[in-house]
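This report refers to the structure that appears directly beneath it.
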Amino acid sequence: MIGLTEKQYIVACERIEELLKVVTNETSENDRRYLELEILSNLVATYEESHNPIETPSLVDVIKLRMYEKGLTQASLAELLGLSPSRISIYLSGKSEPPLGVARNISKMLNIDPTIVLGV
């Protein structure tokens, strides 16, 4: 597949916006606008993956997000996980990573993907 330059990427994004106004779920897959939208979308996706890859979030960021979503403080998180508040503080500051057993518990209790918790 051919790659796009930055200028071509910008033009392709503009054209996709135009096509999205006329291509609907009822548009035939054989319609030239549908095909153009499909091809441009694939080119833009490839460009974005190579130029702006989405990185896996850090464990600290995900824990803080889950704390926010669940309305947890460091103290309530410590209680939930059966740890001391100072231990939670150490993990959240990035000074230390949790051992495997604690990581497993964090994954279960906060519903965090194990690959993020284990840094895989």
Criterion violated by Val62 - all others in (1) in contact with a Pro (Cβ under 9 Å, 6 or more places away or on another chain); (2) surrounded by 14 or more Cβ atoms within 10 Å (Cβ to Cβ) satisfied: (1)
Selection count, the range 1-25, where residues are of a type in the set (Ser, Thr, Tyr), surrounded by 10 or more Cβ atoms within 10 Å (Cβ to Cβ) and part of a loop (DSSP other than H, G, I, E, B): 0
Long-range neighbours under 9 Å by Cβ, at least six apart or interchain, first residue assigned by TED's automatic domain parsing to the domain that holds Tyr47 within the range 7-28, second of a type in the set (Asp, Glu) and part of a loop (DSSP other than H, G, I, E, B): Val23/Asp31
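This table checks each residue for (1) out of contact with any strand residue (DSSP E or B) (no Cβ under 9 Å at 6 or more places or on another chain); (2) modelled with pLDDT under 95; (3) among the charged types (D, E, K, R).
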| position | (1), (2), (3) |
| --- | --- |
| Arg33 | yes, no, yes |
| Leu43 | yes, yes, no |
| Val60 | yes, yes, no |
| Lys95 | yes, yes, yes |
Tabulated pairs, the range 30-55, first under 18 Å from Glu18 (Cα atoms), second charged (D, E, K, R), C-beta under 9 angstrom, 6+ apart or interchain: Leu35/Glu29; Glu36/Arg15; Leu37/Arg15; Glu38/Glu29; Leu40/Arg15
Helices (runs of 4 or more DSSP H) contained in the range 26-120 and holding at least 1 residues over 30 Å from Glu14 (Cα atoms): 59-70, 74-81, 85-93, 100-110, 114-117
Filtered residues of the range 94-107 (kept if more than 19 Å from Tyr68 (Cβ to Cβ) and exposed (fewer than 14 other Cβ atoms within 10 Å of the Cβ)): Lys95, Ser96, Pro99, Leu100, Gly101
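The values are calculated or read from the model by the stated rules, or taken from the named source; none is laboratory data. Everything numeric in this text was worked out from a predicted model, so none of it was measured. Ideal geometry is used to build each Cβ from the backbone, glycine not excepted, and the neighbour counts take in all protein chains shown.
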